[in-house]
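K.L.:
Please see the structure below; I have some questions.
The values are calculated or read from the model by the stated rules, or taken from the named source; none is laboratory data. None of the values given here were measured: they were computed from a predicted structure. Ideal geometry is used to build each Cβ from the backbone, glycine not excepted, and the neighbour counts take in all protein chains shown. Quick note on the areas: whole protein, heavy atoms, side chains included, nothing else; ligands and nucleic acids left out. Shrake-Rupley method; radii C 1.70, N 1.55, O 1.52, S 1.80 Å.
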Amino acid sequence: MAASSNQPKLLYRIEGHGPVTTLSWSPDGTKLSSSSNLGRLHVSAVGQTGEPHMVIGLHDEAVRSVAWSPDGSKLASGGDDDTVRVWDAAIGSKLHTFNGH
């Protein structure tokens with residue numbers, strides 16, 4: 001039996017950061033953030049845009065949630081280390097840490 005043309009096709013693969021805990025698309029759909037049990041927050045360009053994969057955030061424990069700002073300039077991440085951290089999505093710098101969450 002011939003393979004169906006309706007079979008799903010892998011479009012993009014992101015590797016190298018441990019078990020994935022969350023995924024979130026940027027508002028414009030050009031970037032995908034992913035986080036891991038290892039406390040890392042990654043941003044990857046999708047669609048062959050030429051932008052590199054970037055590790056932008058580190059928590060002391062697993063990252064459990066990620067959200068983009070409406071304009072796509074910032075990311076917020078929440079982790080098992082009881083913090084919410086806000087990051088500059090373009091360069092990866094930490095802008096603020098909220099403790100005790």
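K.L.:
So HIS59 passes all but one of these: (1) closer than 16 Å to SER24 by Cα; (2) buried (at least 16 other Cβ atoms within 10 Å of the Cβ). Which condition number does it fail?
P.N.:
All conditions pass for HIS59, except number (1).
K.L.:
List every residue pair whose Cβ atoms lie under 6 Å apart, where the two residues are 6 or more positions apart in sequence or sit on different chains, the first residue falls within the range 87-98 and is under 16 Å from SER34 (Cα atoms), and the second residue, located anywhere, is open to solvent by less than 40 Å² (accessible area, probe 1.4 Å).
P.N.:
Close Cβ pairs satisfying both conditions: TRP87/ILE56; TRP87/GLY57; TRP87/LEU75; ALA89/LEU75; GLY92/ILE56.
K.L.:
Restricting to the range 63-92, name every residue that is of a type in the set (Ser, Thr, Tyr) and either closer than 12 Å to SER24 by Cα or open to solvent by 30 Å² or more (accessible area, probe 1.4 Å) (or both).
P.N.:
Selection gives SER65, SER69, SER73, SER77.
K.L.:
Please find, within the range 6-23, the residue that is modelled with the lowest pLDDT out of those that are in a strand (DSSP E or B) and exposed (fewer than 14 other Cβ atoms within 10 Å of the Cβ). Give the steps one after another, and end with the answer.
P.N.:
Applying the first criterion (in a strand (DSSP E or B)) to the range 6-23 yields 20-23.
With exposed (fewer than 14 other Cβ atoms within 10 Å of the Cβ) added as a condition, the list becomes 20, 23.
Details: VAL20: 89, LEU23: 92.
For the range 6-23, the residue satisfying everything is VAL20.
K.L.:
For residues that are part of a strand (DSSP E or B) and among the polar types (S, T, N, Q), scanning just the range 42-96, find the one that is nearest to the chain's Cα centre (by Cα).
P.N.:
SER44
K.L.:
Considering only the range 24-41, I want to know if a residue exists there that is farther than 17 Å from HIS101 by Cα, assigned to a loop (DSSP other than H, G, I, E, B) and open to solvent by less than 30 Å² (accessible area, probe 1.4 Å). Show your work before the answer.
P.N.:
At the first step, the residues of the range 24-41 found to be farther than 17 Å from HIS101 by Cα are 24-38, 40-41.
Imposing the further condition that a residue be assigned to a loop (DSSP other than H, G, I, E, B) reduces the set to 26-30, 37-38.
Still in the running and open to solvent by less than 30 Å² (accessible area, probe 1.4 Å): 26.
Yes, there is a match, as at least one residue in the range 24-41 is farther than 17 Å from HIS101 by Cα, assigned to a loop (DSSP other than H, G, I, E, B) and open to solvent by less than 30 Å² (accessible area, probe 1.4 Å).
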